[in-house]
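Participant: Pasting a structure here, questions to come.
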Amino acid sequence: MFAFLGVALATSFAGCSDDDPNYDNVTPPTVEVSYSISGRVTGMDGNGLSATVSMDGTSVQTEADGTFLFEDVTTGSHTLTAEATGKQTKETTVEISGNNGAQVVCNFTLANEGTTVEINASGDTEASVTSETITGNEEGEVTVDVTVPEAALPEGSSIIITPIYTLEETGTRAATRATESVMLIGTNVECTDANATLQTPIELTYDMDAEIASSVTVQKYVNGQWSNAEYTVNGDQVTVQADEFTSYALLFEADVTSSSSTTALTFEQNLWDNLYGASDMNVNSASYTYRIGTEINTSGTNRVTAYLVEILARMAGSSVTTATGTYPINVTLPIGTALQVSGTQQVTTLTVSALSYSVSGSQYGDVTVVTTTYNRNHNGGSN
């Protein structure tokens, strides 16, 4: 009886071994690389806007916080345009490339449209325009008093005064000296009559901190180049003689530095383990949290630091929000395989320094997602 039992058990074990598949070298699936573009549209105050963002003939509406998303974007160059009621339209170009999945972050800050000034019948006209600031940094405002002297323009004419905040808004950077400078504030002056010319200069008087006023230079944009403009400084006021319909910029020396790093993404689930499962496992997507925008770490404790905060905000943005991203995976994991996902987000630390003052902020940039599949032997995997 014992001999019979021994033969039976041996036969049984041999049968199980023959029938059990070998899952050690199962080929892991390959996850297709995917790209998307997300971002946020805000006003100069840092608050999200209800806006339309267009790309390659497709348009989306922003969410309540100003965020937007384009999914399944192809590699190459893409032009994005942001529009909102009462705001100036902006356009930018984004490049998509790389062997890993990516979510490119593209943000827009839209300024208000210009102020129309009607010329009085008497010929003398005065008006004031105040620059926009981020919420809570009103000390960084610069007021521009506009004086149109008699006979400068025909009666019934209208001029449009539009604050500008970066040199790039005119399509180029400033001339030699300005390449070492940053814009404190600028003003575009245009006439509703395209054929009109100024008979006498319009005065633009900027009210600001006296220390800054004594440090600025003024340039105007003519024939695609920046050149020196005529101006005077009197205490805390800078008066510019606007003798042409063009853009005028108040510039001052500042040190702008940046450094780059990355921060790890937090995934809702980052591992799908089917190494010793009982059946195939479907994996559809991976969700993660990331940040959009810029977190300014310095408060404007006086007018100079308030100006520097505004300059930093124009370079990189002025507010930050947390968003949820979804990376498409769409694979089936056979028994004996697993999938892991990881990712990072770029972070750029910016510092603007001038006149012994300094402000800094952290700008959150593009997201990179890496998927790795592997089998029991942990070889033959794919990214």
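The values are calculated or read from the model by the stated rules, or taken from the named source; none is laboratory data. Keep in mind that this is a model prediction, so the values were computed, not measured. All Cβ positions, even for glycine, are placed from backbone atoms using ideal geometry, and neighbour counts span all protein chains on display.
Participant: Within segment 196-213, can you find the residues that are small (Gly, Ala, Ser) and modelled with pLDDT of 90 or more?
Facilitator: If the condition is that a residue be small (Gly, Ala, Ser) and modelled with pLDDT of 90 or more, then 210, 213 are the ones that fit.
Participant: Let me ask something additional. Within segment 73-89, how many residues turn out to be among the polar types (S, T, N, Q) and within 17 Å of the chain's Cα centre (by Cα)?
Facilitator: 5
Participant: Restricting attention to segment 132-169, and to residues there that are of a type in the set (A, V, I, L, M) and in a strand (DSSP E or B), which single residue is surrounded by the fewest Cβ atoms within 10 Å (Cβ to Cβ)?
Facilitator: Looking at the filtered set, the residue picked out is 160.
Participant: While we're on this one: If you scan segment 342-362, which residues turn out to be under 26 Å from residue 69 (Cβ atoms) and surrounded by 24 or more Cβ atoms within 10 Å (Cβ to Cβ)?
Facilitator: The answer is 343, and nothing else.
Participant: From the list 193, 209, which one is surrounded by fewer than 21 Cβ atoms within 10 Å (Cβ to Cβ), in contact with a strand residue (DSSP E or B) (Cβ under 9 Å, 6 or more places away or on another chain) and not hydrophobic (A, V, I, L, M, F, W, C)?
Facilitator: The conditions single out 193.
Participant: What are the residues in segment 286-312 that are touching a strand residue (DSSP E or B) at 6+ places or on another chain (Cβ under 8 Å) and among the hydroxyl-bearing types (Ser, Thr, Tyr), if any?
Facilitator: The answer is 287, 288, 289, 290, 294, 298, 305, 307.
Participant: For segment 248-296, which positions are surrounded by fewer than 19 Cβ atoms within 10 Å (Cβ to Cβ), outside any loop (DSSP other than H, G, I, E, B) and aliphatic (A, V, I, L, M)?
Facilitator: 256, 264, 271, 281
Participant: All but one of (1) touching a helix residue (DSSP H, G or I) at 6+ places or on another chain (Cβ under 7 Å); (2) closer than 29 Å to residue 23 by Cα hold for residue 307; which doesn't?
Facilitator: (2)
Participant: Another question, if that's okay. Scan segment 212-245 for residues that are closer than 16 Å to residue 201 by Cα, under 30 Å from the mean Cα position of the chain (by Cα) and crowded, with 17+ Cβ neighbours inside 10 Å and report the count.
Facilitator: The number of residues fulfilling the criteria is 4.
Participant: Would you please name the residue that is farthest from residue 196 (Cα to Cα), looking only at residues in segment 116-131 that are touching a Gly at 6+ places or on another chain (Cβ under 9 Å) and surrounded by 17 or more Cβ atoms within 10 Å (Cβ to Cβ)?
Facilitator: Taking the candidates together, the pick is 131.
Participant: Which ones in segment 346-372 are of a type outside the set (Gly, Ala, Ser), touching a residue at least 60 places away in the same chain (Cβ under 8 Å), over 13 Å from residue 100 (Cα atoms) and part of a strand (DSSP E or B)?
Facilitator: Across segment 346-372, the qualifying residues are 346, 347, 348, 349, 350, 351, 352, 359, 363, 364.
Participant: Restricting the search to segment 48-71, which residues are assigned to a strand (DSSP E or B) and hydrophobic (A, V, I, L, M, F, W, C)?
Facilitator: 53, 55, 60, 68, 69, 70
Participant: Within segment 26-52, track down each residue that is under 19 Å from residue 291 (Cβ atoms) and of a type in the set (Val, Ile, Thr).
Facilitator: Result: 37, 41, 42.
The rows are residues; the columns are (1) among the hydroxyl-bearing types (Ser, Thr, Tyr); (2) at pLDDT 95 or above; (3) in contact with a Gly (Cβ under 7 Å, 6 or more places away or on another chain).
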position	(1), (2), (3)
302	no, no, no
314	no, no, no
318	yes, no, yes
329	no, yes, no
366	no, yes, no
369	no, yes, yes
379	no, no, no
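Participant: Name the strands (runs of 3 or more DSSP E) wholly within segment 72-123 that hold at least 1 residues that are farther than 26 Å from residue 185 by Cβ and in contact (Cβ under 8 Å) with a residue 60 or more places away in the chain?
Facilitator: Per the criteria, 90-96, 101-105.
Participant: Test residue 198 against the stated conditions and say whether it is assigned to a strand (DSSP E or B) and within 21 Å of residue 162 (Cα to Cα).
Facilitator: no
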